[in-house]
Amino acid sequence: MKRIIFLFFILILSINMIYAIPQIPVSFIGTVKGSDDAVAANEVITAVSNIETKDTTTDASGVYNIRFDADNPDTSVKDGLVIGDRVEFKYEGSIIKTITVSDFGNTIVDLTIPKETSSSSSESIVPEVETLENESEEIINQTQEGEEQINSTEQLIENNDNLTEEGNLMDDITEKKDEVKNNNKLAPYIIAIILVIIIIIIFFRIIKKRK
């Protein structure tokens, strides 16, 4: 009788110890590659379950590791994964794989980023490149306009210099005209003086002949 009671006590204790053992978490581990089969390093992978959402970043070898807690059967509220739950793996918001939980512990799930998803980052760069090209063209146009303004300014300065030279030439011509006018004004007086001198000379010669 004592042996039966002892064995019953051991059985109850063993059952309590089994229930007291914490549930093994569900871990997903694998390698992420692009459509060209190259490892996707430093990429953010998102795992979505019906309990929670978790993010992780791949290492330099493209390896990721995401862990979910298993459901605690001692509680009435579902607080973790159970066998049969679905988990979606996403990259940049797009679902790249969906699996069903079949076991606790580590589960290897390799992921591949589709071409249209892996190229989205390069496509997002295209508008930036086009914007830079447009800005470069605008700067070049502004530079050309500035050069044209400089050339027009230099042309104006050259024209002003030519006008200045022409003005100086006109001043010289005007001065010479004034000199000619002044000489023309003096010409009658000079002619009159010469005539007077000639008349005086002729007068003295006549007087000498009479003597």
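The table below lists the values:
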quantity: Residues of region 47-72 satisfying the condition of being assigned to a loop (DSSP other than H, G, I, E, B) and within 35 Å of the chain's Cα centre (by Cα); calculated: Thr58, Asp59, Ala60, Ser61, Gly62
quantity: Pair list, Cβ under 7 Å, 6 or more apart: region 75-101 residue touching a residue at least 60 places away in the same chain (Cβ under 8 Å), other residue exposed (fewer than 12 other Cβ atoms within 10 Å of the Cβ); calculated: Val101/Gly84
quantity: Residue within region 24-45 that is buried (at least 18 other Cβ atoms within 10 Å of the Cβ) and more than 39 Å from the chain's Cα centre (by Cα) present; calculated: yes
quantity: Contacts under 6 angstrom Cβ, first residue in region 52-63 being within 30 Å of Lys78 (Cβ to Cβ), partner aromatic (Phe, Trp, Tyr), 6 or more apart; calculated: Thr56/Tyr64; Thr58/Tyr64
quantity: Search result, residues across region 101-150 that are at pLDDT below 70 and in a loop (DSSP other than H, G, I, E, B); calculated: Ser119
quantity: Members of region 29-46 that are part of a strand (DSSP E or B) and farther than 11 Å from Thr57 by Cβ; calculated: Ile29, Gly30, Thr31, Lys33, Val39
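The values are calculated or read from the model by the stated rules, or taken from the named source; none is laboratory data. These figures come from a predicted structure and were not determined experimentally. When we count neighbours, we look across all protein chains shown, and the Cβ atoms used for this are built from the backbone with ideal geometry, even at glycine.
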